[in-house]
Amino acid sequence: MENVMGKADTHVHCNYSGFNHLGILKFPESVISAETQVDDARRRGLNVLAITDHNDTAGAFIAQKYAKKFDDIEVIVGDEIMTDQGEVIGLWLTETPKKFMSPEETVDVIHEQGGIAIAPHPFSVHVDGMQEKIFDLPIEGFEVMNGGHPDRYSNWFAQRIMDAYPGKWAAMAGSDAHSLWTAGCCWTEFPGTTAEEFRQAILHKKTVPKGGPATVLGQVQWSMEVVKGGQELSRQALRGELKPVPGNRLIEKILSNTDIKNALSIYGGYAYRFPYVPVLATLLSVSYLDIHARRARRKADKRFAAIEEKLAGMGILRE
């Protein structure tokens, strides 16, 4: 049993993640229940799952309670917390940290709860990564593989940093799945199978990233899923069938909408679901990412040299 390697996904979202914005458009981050994410993780053979909704631990506690009926998976309470300089993931939390604190304050709060701090998508070209700020923080690890980053820079540069300084941080891979269509694309392997063994693997830098980014098709299907799910919730609200769920920001928002706004969201959803529209939207997004990734790669050597100089000044030398 000494050589058994477990599988963990430390970056998964459910319907407690609230909303996001794309220009004037507002859409749910996820419409998948915490319980469904646990069921899917079991089907994929995961031993450890962390629900890391945006600035919320409610879904994670629901998933943890639900998973106790099974003996093949453990759920870690996590949170993808927005600081005033980017996002950080807290694992093994006992309550929800405040958002928009400084990165230093946020990591301190995570550690005060007995948790572990991981930087998600640190060098992202399109979402709020910590960037070079990670080198100033006592984090335990960072994602060298994030499933939501199909571009040719973000994960590549993170891996380049990790390769240059092996043993400094735990190398992590998280699917960043907001949908079952994007779940399971990548994961972190570790010696053992339990959550405690996984924790020790992070602390001792024994983790192994596996997999790759989610497919473009999976991203299309996710966008269709959130639109369809949002439409159904709006229909239930219009019929008076949608009941409040404490702490669920998605349902709270839909219940707070006027009937006209919910009706417009339903019709707007049909417009988005028109054949080729979601595909075109996703392809445009991928093209946008590719442009930014190419620009970033042209500056990668200079950026890497600046990081080397910064770390050398902190007494951290490249191996």
* **Helix-derived mean residue ellipticity, 222 nm - over the chain, DSSP H n ≥ 4, -39500 (n - 2.57), to 500** => -13000 deg cm²/dmol
* To do: Could you work out, for segment 135-253, what percent of all Cα-Cα pairs fall into each 10 Å distance bin, beginning at 0 Å and stopping at the bin that holds the largest distance?
  => 13, 31, 26, 21, 9, 1
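How would L137, L203 line up from fewest to most surrounding beta-carbon atoms within 10 angstrom?
L203, L137
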* Computed FRET value (nearest 0.05) for K205 with I291, which takes r as the C-beta separation and R₀ as 45 Å -> 0.80
* Asked: For K302, which aspartates and glutamates qualify as cross-link partners when the Cα separation must be under 16 Å and same-chain residues fewer than eight apart are set aside?
  -> E132
* Asked: What do you get when you divide the Cα radius of gyration of segment 102-161 by 2.2 N^0.38 Å, with N the number of residues?
  -> 1.14
* Asked: Stokes-Einstein at 10 °C, 1.306 mPa s, Kirkwood radius from Cα pairs: D for segment 39-113 in µm² s⁻¹?
  -> 125 µm²/s
* To do: Evaluate 2.2 N^0.38 Å with N set to the residue count of segment 106-203, then give the Cα radius of gyration divided by it.
  => 1.07
* Working out 0.36 nm times the residue gap between Y270 and E196, then minus their Cα-Cα distance, what length gain in nm do you get to one decimal? -> 22.1 nm
* Burial order of peptide ranges 185-197, 92-104, 239-251 (average beta-carbon count within 10 Å, highest first) -> 185-197, 92-104, 239-251
* Structure fact -> trypsin sites (Lys or Arg not before Pro) in segment 20-77 lying in a DSSP loop, each with at most 12 other Cβ atoms within 10 Å of its Cβ, come to K68, K69
* Cα-only Debye scattering, segment 213-310: base-10 log of I(q)/I(0) at q = 0.11, 0.17, 0.19 Å⁻¹ -> -0.54, -0.83, -0.92
* Please give the helix 154-164 orientation as an angle from the longest Cα principal axis of the chain, in degrees from 0 to 90, rounded to the nearest 10. => 20 degrees
* Cross-link partners of K253 among aspartates and glutamates (Cα-Cα below 19 Å; sequence separation of 8 or more within a chain) -> E29, D53, D56, E225, E232, E241
* **Magnitude of the charge dipole, segment 5-215, Cβ model with Lys/Arg +1 and Asp/Glu -1, debye to 20** => 560 debye
* Structure fact -> Sorting P191, A296, A67 by the position of each Cα along the dipole of the chain (Lys, Arg +1; Asp, Glu -1; all at Cβ), the one nearest the positive end of that ordering is A296
* Identify, among F142, G129, W169, the residue whose Cα sits farthest towards the positive end of the charge dipole of the chain, taking +1 on the Cβ of Lys and Arg and -1 on the Cβ of Asp and Glu, with the dipole about the Cα centre. => G129
* Exposure proxy ranking, count of Cβ atoms within 10 Å, fewest first, for F70, F123 -> F70, F123
* Rounded to the nearest 5, what % of the DSSP beta bridges within segment 5-215 are antiparallel ones? -> 55 percent
* Structure fact -> Note on segment 1-128: C-alpha Rg/Rh, Kirkwood Rh, two decimals, gives 0.99
* Grab the alpha carbons of segment 5-215, take their convex hull, and tell me the volume per residue in Å³. => 107 Å³
* Among the lysines, select those whose C-alpha is under 19 Å from the C-alpha of K206, and discard any that sit fewer than 8 residues away in the same chain. => K7, K168
* **Neighbour-count ranking [beta-carbon atoms within 10 angstrom, fewest first] of H54, H11** => H54, H11
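Values in this text are rule-based calculations from the coordinates and carry no lab data. Treat the numbers as computed from the prediction; the structure is a model and nothing was measured. Every residue, glycine as well, gets a Cβ built from its backbone with ideal geometry; the counts of neighbours run over all protein chains shown.
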